[in-house]
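Chemist: Below is one structure. I have some questions about it.
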């Protein structure tokens, strides 16, 4: 395999459209996206040290990392999307050392909305059985829920995370997107991404499928079973996607996912206010509406 460097990185935030970005860019004839959407090659040390609860097999060697990019001859660029890259402090410097010319894509979502969407995803997967509010009240240093606080609340505090990339890369190598723009006008947003990457626009309309839409098990037993990664893999092997969807429609329901309480949404809006002001000042993003509303709907 020829030596190469990955050209661009979608670094987060989680639950802010990174899966949709990866999926759509993978369809572009000039782009080769990693076969593993989130290899976590530049963050596996921190993830394993923390013993995060997702139990994903991360990529640890350059040879394994390079093997993720099996490209067509038409591909001009290679890219990947590991959302853990936004949180950990050393990652921007590692990426710069690996490829100082790398381009960085950061997709952000209203912090309260993102935090609760992340919790809902984990709840639907059976990965968390503590309430969103209890995790928040316990804070980041709690022995049982500290990792959850990091994943939901700290990951939504964007200013310092974005600033670390701004300190390592020139502004022309960083593209910051808003999740709401990706949803409201995917064609315009993706054309912005294509222009940033220096590749031709695609022919025809751009439609992004909704990603990571899920419900929760209708009882505790179902949620416990679905929590088991081996169980999910065996189910994928035994049943077609159509059959799995029919089973999920019977055993899972969005109504079983708890809703965010109004008083907590308001409290979190205040919690993130100073960080959003800083983010606006350092990036110039048009996020005044984020400062005025919890935007949880």
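Every number in this text was worked out from the coordinates using simple rules, so none of it is lab data. On a predicted model such as this, the values are computed, not experimentally measured, just so you know. Cβ sites come from the backbone with ideal geometry, for glycine too, and all protein chains shown count toward neighbours.
Chemist: Work out, step by step, the length gained on full extension between residue 201 and residue 292: first 0.36 nm times the residue separation, then minus their alpha carbon distance; give nm to one decimal.
Modeler: Taking residue 201 through residue 292 to full extension adds about 29.2 nm, to one decimal.
Chemist: Here's another thing I want to ask about it. For 71, 32, which order do you get if you count the other beta carbons within 10 Å of each Cβ and list the fewest first?
Modeler: Ranked by crowding around the Cβ, least crowded first: 71, 32.
Chemist: At residue 53 and residue 242, where each label point lies 7 Å from the Cα along Cα→Cβ, what is the point-to-point distance in nanometres?
Modeler: So the two model labels end up 3.6 nm from each other.
Chemist: Among 179, 55, which comes first, second and so on when ranked by fewest other beta-carbon atoms within 10 Å?
Modeler: With the sparsest Cβ surroundings first, the list reads 55, 179.
Chemist: Still on this structure: Could you list 160, 122 in order of exposure, starting from the residue whose Cβ has the fewest other Cβ atoms within 10 Å?
Modeler: Starting with the residue having the fewest Cβ neighbours, the order is 160, 122.
Chemist: Per 0.36 nm of contour for each residue apart, how much would the distance between residue 259 and residue 3 grow if the chain were fully extended, relative to their Cα-Cα spacing?
Modeler: Extra length available between residue 259 and residue 3 comes to 87.3 nm.
Chemist: Can you work out the FRET efficiency for the pair residue 184 and residue 143, with r the C-beta to C-beta distance and R0 = 30 Å, to the nearest 0.05?
Modeler: On the way: r = 41 Å, r/R0 = 1.37.
For R0 = 30 Å, the calculated efficiency reads 0.15.
Chemist: Shifting gears a bit: For the stretch 4-103, what does the alpha-carbon gyration tensor say about shape, rounded, prolate or oblate, given a ≥ b ≥ c as the root eigenvalues, a/c under 1.5 as rounded, and a/b over b/c as prolate?
Modeler: Because a/c hits 1.5 or more and a/b exceeds b/c, the stretch 4-103 counts as prolate.
Chemist: Between residue 60 and residue 192, what is 0.36 nm times their sequence separation minus the Cα-Cα distance? Round to one decimal in nm.
Modeler: 44.3 nm
Chemist: Could you work out how far the C-alpha centroid of the stretch 47-120 sits from that of the stretch 1-44, in angstrom?
Modeler: 7
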